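Right, one structure below, let's go through it.
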Amino acid sequence: MRLNTEIVINGNIAKVWQTLTDFQSYSHWNPFMTCIEGEKKAGAKLKVKIIPPGGKSMIFTPTLIKFDTNQEMRWIGILGASWLFSGEHYFKLEKLNEESTKLIHGEIFSGLLSPIFSALSGKKTLQGFNLMNEALKTRVESTH
């Protein structure tokens with residue numbers, strides 16, 4: 001199962017990246033992913049708190065597997081064992097021009113429990129991604 005969202009942000013790629021990776025500020029603007037703690041380098045363990053729309057807060061401890069400045073941030077979380085359930089979360093930035101950036105934000109779920117997750121939480125998770133994307137757009141565009 002894959003969830004994928006996209007949004008165009010009126011801001012240069014460096015500014016979008018800076019805002020996206022300023023984890024300490026998430027509680028001020030991000031309605032879905034309200035807290036991220038951890039080192040910004042591949043191999044680091046993160047602590048991520050999300051609040052799905054209409055849901056209860058959850059904390060995950062994924063491993064950051066990619067952190068390429070102004071390009072991509074990606075982590076993977078595993079529940080039990082990877083064959084049971086895993087989610088690979090990604091943020092990719094594409095420079096459209098000097099003052100416009102496309103954010104591609106999503107997650108790839110796999111494992112035996114992924115169909116159950118899809119049925120129970122897929123729609124709320126997708127809504128959460130879109131809420132975060134809109135909030136990021138607002139945050140970047142309001143600080144020009």
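Every read-out reported here was derived from the displayed coordinates using simple, explicitly stated rules and does not represent laboratory data. This structure is a prediction, so every number in the text was calculated from the model and none was measured. Glycine gets a Cβ as well: all are built from the backbone with ideal geometry, and neighbour counts include every protein chain shown.
Mean separation of Cα pairs under 8 Å and 6+ residues apart, divided by the residue count of segment 2-142: what relative contact order is that in percent?
After rounding, I find 32 percent.
Compute the distance in nm between two label points, each set 7 Å from the Cα along the Cα-to-Cβ direction, one at Val8 and one at Ser57.
Distance between label points: 3.6 nm.
At 222 nm, what helix-only mean residue ellipticity would the chain give, in deg cm²/dmol to the nearest 500, using -39500 (n - 2.57) for each DSSP H run of four or more?
Result for the chain, helices only: -9000 deg cm²/dmol.
Please give the FRET efficiency for Lys102 paired with Gln24, using the beta carbon to beta carbon distance and R0 = 30 Å, rounded to the nearest 0.05.
Efficiency, from the Cβ-Cβ distance: 0.75.
Taking Cα centroids, how far is segment 1-35 from segment 115-144 in Å?
Centre-to-centre distance over Cα atoms comes out at 9 Å.
Among (i) 11.3; (ii) 7.9; (iii) 15.0, only one was calculated for this model; which label is it, if the read-out is mean projected area of the Cα convex hull in nm²?
(ii)
Any chance you could run the full-extension gain for Lys47 through Leu113? It's 0.36 nm times the residue separation minus the Cα-Cα distance, nm to one decimal.
Gain on extension, Lys47 to Leu113, equals 21.6 nm.
Given a cut-off of under 8 Å on Cα pairs at least six residues apart, what relative contact order in percent is computed for segment 1-55?
Relative contact order of segment 1-55: 22 percent.
Which of the GluC sites (Glu not before Pro) found in segment 8-110 are loop residues per DSSP with 16 or fewer other Cβ atoms within 10 Å of their Cβ?
Within segment 8-110, the qualifying GluC sites (Glu not before Pro) (loop, at most 16 other Cβ atoms within 10 Å) are Glu39, Glu98, Glu99.
Among the aspartates and glutamates, which have Cα under 14 Å from the Cα of Lys41 when same-chain residues fewer than 8 positions away are ignored?
Cα-Cα hits under 14 Å: Asp22, Asp68, Glu72.
Too long at a 21 Å Cα-Cα cut-off: which of Lys15/Lys137; Lys15/Lys92; Lys40/Lys123; Lys49/Lys123?
The answer is Lys40/Lys123.
For segment 60-144, what log10 I(q)/I(0) values come out of the Debye formula at q = 0.26 1/Å, with one point per alpha carbon and no solvent?
Each listed q maps to, in turn, -1.32.
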